[in-house]
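The values are calculated or read from the model by the stated rules, or taken from the named source; none is laboratory data. All values derive from a computational prediction rather than experimental measurement. When we count neighbours, we look across all protein chains shown, and the Cβ atoms used for this are built from the backbone with ideal geometry, even at glycine. Areas reflect the complete protein model, heavy atoms only, side chains present, ligands, DNA and RNA absent. Shrake-Rupley method; radii C 1.70, N 1.55, O 1.52, S 1.80 Å.
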Amino acid sequence: MRVITWNFNRRVSRLAEQAFALAAREPDVVALQEVTPRTAALWAAALATIGLPAVRCSLDGADPAREPARRRATGVLLAAGALADAPEALPVPWPETALAATAGGVRVDAVHVPNAANGWVKVETLEAVRAGGPRVLCGDLNVPRREHPDGTVVSFARDSRERLRPERGERWDAAELGVVPGLRDLGYRDAFRTVHGYARREPSWTFRRMAGHDGGWRLDHLFASDDLEVLGARYHHEWRDEDLSDHAALEVDLRARARRPASA
């Protein structure tokens, strides 16, 4: 199963090019973030043409009067050849930020964690993600601040010198670290780090004013449960460099692990 997760940054004018880039990678599942009511319909049509006619969007049936409206204008989308209902969705505070469905017998959860500008809803969303039970969790998680070559991870609860910010404190720190890297304690694999380790920083979102890929953060992730083998993982930085989005898409190839025969 090839999964591509991408925060495509609401770029309606580049949608045809975005869809063409996705089609060239022949994904089995696509998870998109920052979908709007307008782009959801356009994406459904585009994805159908590349063999992914089953589309679900978290904005379907969403409360149009949800507040704060300006900060809750987008949702997430899942597409595949066929999708089935999944058990109850992650209990996130803003329902439009998460979506679950089953593709090829595998439950996939797409999530867009609100950033720190939204205050404690970010913490509450991360806590809900850790409490959930997907087999594949992917999306723009808006964490972490920093990853060191030895695997040490620093959250956005800390400042640039890695000191805990008193206005955020221990709960914020624990919520971020409980997902990246903490989902590994629950039996999940960080797909990219499983393949490549921590030697490369690999930011998926970078500052426009900086050349190359040195300034920014690795915000886009895919975690897979231990019964799924990670065969490959890569960021499509070229899509960001071509200004198709301000995020690089993450592509991951997965395969179910062979079951061991029961002992006699």
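Inspect all residues belonging to segment 147-162 and state whether any of them is in a loop (DSSP other than H, G, I, E, B), closer than 30 Å to ALA69 by Cβ and modelled with pLDDT under 95. Explain how you work it out, then say what you get.
So in segment 147-162, the residues in a loop (DSSP other than H, G, I, E, B) come out as 148-152, 155-157, 159-162.
Filter once more, so that each one left must be closer than 30 Å to ALA69 by Cβ: 155-157.
Now restrict to residues that are modelled with pLDDT under 95: none.
No, there is no match, as no residue in segment 147-162 is in a loop (DSSP other than H, G, I, E, B), closer than 30 Å to ALA69 by Cβ and modelled with pLDDT under 95.
Does segment 131-146 include one or more residues that are β-branched (Val, Ile, Thr), surrounded by 14 or more Cβ atoms within 10 Å (Cβ to Cβ), touching a His at 6+ places or on another chain (Cβ under 9 Å) and at pLDDT 95 or above?
Taking segment 131-146 and keeping what is β-branched (Val, Ile, Thr), we get 136, 143.
When the remaining residues are screened for being surrounded by 14 or more Cβ atoms within 10 Å (Cβ to Cβ), the result is 136, 143.
Applying the additional criterion that residues be touching a His at 6+ places or on another chain (Cβ under 9 Å) yields 143.
Okay, now just the ones that are also at pLDDT 95 or above, so 143.
Checked segment 131-146: at least one residue is β-branched (Val, Ile, Thr), surrounded by 14 or more Cβ atoms within 10 Å (Cβ to Cβ), touching a His at 6+ places or on another chain (Cβ under 9 Å) and at pLDDT 95 or above.
Among the residues of segment 113-130, write down those that are buried (at least 22 other Cβ atoms within 10 Å of the Cβ) and part of a helix (DSSP H, G or I).
Matches in segment 113-130: LYS122, VAL123, THR125, LEU126, VAL129.
Go through ARG11, ARG25 for me and flag whichever is over 16 Å from the mean Cα position of the chain (by Cα), in contact (Cβ under 8 Å) with a residue 60 or more places away in the chain and farther than 21 Å from LEU222 by Cβ.
Among ARG11, ARG25, only ARG11 is over 16 Å from the mean Cα position of the chain (by Cα), in contact (Cβ under 8 Å) with a residue 60 or more places away in the chain and farther than 21 Å from LEU222 by Cβ.
Give the residue, chosen from ALA40, ALA48, ALA21, that is closer than 18 Å to VAL108 by Cβ, open to solvent by 10 Å² or more (accessible area, probe 1.4 Å) and in a helix (DSSP H, G or I).
Within the list ALA40, ALA48, ALA21, the selection yields ALA40.
Take LEU59 and tell me if it is open to solvent by less than 20 Å² (accessible area, probe 1.4 Å), over 16 Å from the mean Cα position of the chain (by Cα) and touching a residue at least 24 places away in the same chain (Cβ under 8 Å).
The answer is no for LEU59.
Examine segment 161-177 for a residue that is within 16 Å of the chain's Cα centre (by Cα) and surrounded by 20 or more Cβ atoms within 10 Å (Cβ to Cβ), and state whether such a residue exists.
yes
Taking the condition polar (S, T, N, Q), assigned to a strand (DSSP E or B), surrounded by 14 or more Cβ atoms within 10 Å (Cβ to Cβ) and at pLDDT 95 or above, does THR102 pass?
Criteria met by THR102.
Which condition does MET1 not pass, out of (1) touching an Asp or Glu at 6+ places or on another chain (Cβ under 9 Å); (2) over 26 Å from ARG257 (Cα atoms); (3) touching a residue at least 60 places away in the same chain (Cβ under 8 Å); (4) aliphatic (A, V, I, L, M), if it passes all the others?
For MET1, the exception is condition (2).
Can you tell me which residue is farthest from SER58 (Cα to Cα) among those in segment 76-85 that are part of a loop (DSSP other than H, G, I, E, B) and free of Cβ contacts under 8 Å to residues at least 40 places away in the same chain?
Looking at the filtered set, the residue picked out is ALA82.
Go through (1) at negative phi; (2) touching a strand residue (DSSP E or B) at 6+ places or on another chain (Cβ under 8 Å); (3) surrounded by fewer than 17 Cβ atoms within 10 Å (Cβ to Cβ) for ALA110 and report which single condition fails.
That leaves (3) as the condition not met.
State yes or no: is ARG193 outside any strand (DSSP E or B) and modelled with pLDDT under 95? Steps first, please.
Details: outside any strand (DSSP E or B): yes; modelled with pLDDT under 95: no.
Here the answer is no, as ARG193 does not meet what is asked.
Would you pick out the residues in segment 36-72 that are out of contact with any Lys or Arg (no Cβ under 9 Å at 6 or more places or on another chain) and of a type in the set (Gly, Ala, Ser)?
Within segment 36-72, ALA40, ALA41, ALA44, ALA45, ALA46, ALA48, GLY51, ALA54, SER58, GLY61, ALA65, ALA69 qualify.
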